[in-house]
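Worksheet: the structure to be examined is printed underneath.
The values are calculated or read from the model by the stated rules, or taken from the named source; none is laboratory data. Note that the structure is a prediction, hence the values are computed from the model and not measured. Cβ atoms come from the backbone with ideal geometry, glycine included; neighbour counts cover every protein chain shown.
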């Protein structure tokens, strides 16, 4: 077998493995992210979470809200740094009084520097709003 054919065969195996991993992730309802991108994203999310905590930002949401889950997943393990406020009285550690006081009308809603931002926010948008620089 020539070197060229060997390289083509090896490339096919790598592409096939990546496609299988992508399919399995989609089947499980997850987004497939290559390892290198995951590592970089986690580093950015961790630093951003610290910044959001430092400036007193809050994320309001509800345990049953799929968009809140999506927003939380963006932070991965760094979610523990986020000041999350559960608005549904049936959720874990509920604080509906804080949600009412803040005037929350949609989930998730971020409170950053005294302003409310409803909807799922990208990490880049949260970084801009919070003054975070990676």
What are the residues in the stretch 106-119 that are in contact with a helix residue (DSSP H, G or I) (Cβ under 8 Å, 6 or more places away or on another chain), surrounded by fewer than 17 Cβ atoms within 10 Å (Cβ to Cβ) and assigned to a loop (DSSP other than H, G, I, E, B), if any? 113, 119
From the list 24, 71, 42, pick out the single residue that is part of a helix (DSSP H, G or I) and modelled with pLDDT of 95 or more. 71
Within the stretch 76-105, restricting attention to residues that are part of a strand (DSSP E or B) and touching a residue at least 24 places away in the same chain (Cβ under 8 Å), which residue is surrounded by the most Cβ atoms within 10 Å (Cβ to Cβ)? 85
What number of residues in the stretch 46-57 are in contact (Cβ under 8 Å) with a residue 40 or more places away in the chain and buried (at least 20 other Cβ atoms within 10 Å of the Cβ)? 3
